[in-house]
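Each value in this text was obtained by applying a stated rule to the coordinates, not by laboratory testing. Predicted model, so just to flag it, every value in this text is computed and none were measured. Backbone-built Cβ (ideal geometry, glycine too); neighbour counts: all protein chains shown.
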Amino acid sequence: MDAQLRGYDSRFSHILNIIVIPAQAEIHKRHDKRNMKIPLHTEEIMSDSPILDTLKQKLGARIKDIAQPRKRRIYVMVDRSDVQEAARAIFYDMGARLCTATGLETRLGVEIIYHFYLDKERMMVNLKTIAPKPDLVTKSVGAVFKAAEWIEREITELFGVTFEGHPDPRKILLADDWPQGIYPYRNDFPQKDVEGFRPQDIDEPHPDATHEL
């Protein structure tokens with residue numbers, strides 16, 4: 001698989017695998033004689049501290065904050081000026097794949113999280129940065145590898161974030177005649193009709209229609 005396209009695939013489903021384990025009492029019954037400790041959860045089997053150490057080594061002074069609140073999840077915060085190099089290290093050097101990216105408007109700006117997954121280690125690495133108010137500008141990870149291109153285009157339309165250096169900033173979600181400066185996922189998005197925009201599907205439903213509006 002082309003490394004540039006390592007993302008948005010279906011292999012993420014293995015996170016949801018169900019591990020069926022016999023009852024705890026049955027495990028003890030089977031293994032007490034062997035005097036063996038049987039882990040009841042897969043999290044007990046693996047140690048994740050090397051990944052944390054690797055991130056600190058690869059990103060160095062670019063890290064503004066780093067935390068591992070859960071066994072299989074690490075959060076790393078970097079400045080917007082460092083997000084490209086941080087993403088490059090996680091994607092290329094550590095071999096992670098990009099699952100998606102998300103945005104959230106905060107009082108400081110729009111927080112953008114790139115969700116990477118390390119398959120072998122079964123670890124989610126969340127790379128965070130802020131596109132600060134009032135400009136809402138950050139550097140484009142899509143300029144580093146193609147897996148981030150589409151999701152950054154979506155965040156641009158929904159939040160109004162500008163990704164500097166994005167190779168293809170065309171619209172991807174909203175209608176061609178959607179008004180400029182109106183962003184559906186922003187806190188200031190009008191909850192009623194958007195002035196200047198009329199949906200194409202304006203016909204009344206047929207009386208025999210089985211759906212309800």
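For the range 185-190, 3J(HN,Hα) computed residue by residue from phi via the Karplus equation (6.51, -1.76, 1.60; θ = phi - 60°) reads 9, 7, 5, 8, 5, x Hz, glycine and proline entered as x. Subtracting the Cα-Cα distance of Leu104 and Asp79 from their residue separation scaled by 0.36 nm leaves 7.4 nm. Just the number, please: Stokes-Einstein D of the range 59-114 in µm²/s, Kirkwood Rh from C-alpha pairs, 4 °C, 1.567 mPa s. Reported coefficient: 105 µm²/s. Please report the relative contact order for the range 47-186, taking Cα pairs under 8 Å with a sequence separation of at least 6, and give it as a percent rounded to a whole number. Computed over the range 47-186, the figure is 18 percent.
Once the Cα-Cα distance is subtracted from the 0.36 nm per residue extended length, the Lys171 to Arg88 segment shows a gain of 27.4 nm. If you take the Cα centroid of the range 84-104 and the Cα centroid of the range 148-191, the two points sit 21 Å apart. If one puts a single equal scatterer on every Cα of the range 47-186 and applies the Debye formula without solvent, what log₁₀ I(q)/I(0) results at q = 0.13, 0.22 Å⁻¹? After summing over all Cα pairs, the log10 values are -0.54, -1.37.
Applying a threshold of 18 Å to the alpha-carbon distances of Lys56/Lys133; Lys58/Lys133; Lys71/Lys120; Lys58/Lys146; Lys146/Lys171 flags Lys56/Lys133; Lys58/Lys133; Lys58/Lys146 as lying beyond it. Neighbour counts of C-beta atoms inside 10 Å place Arg80, Arg107, Arg153 in the sequence Arg107, Arg80, Arg153, starting with the fewest. Using θ = phi - 60° in the Karplus curve 6.51 cos²θ - 1.76 cosθ + 1.60, the 3J(HN,Hα) couplings for the range 60-67 round to x, 5, 5, 6, 8, 7, 8, 8 Hz; x is entered for Gly and Pro.
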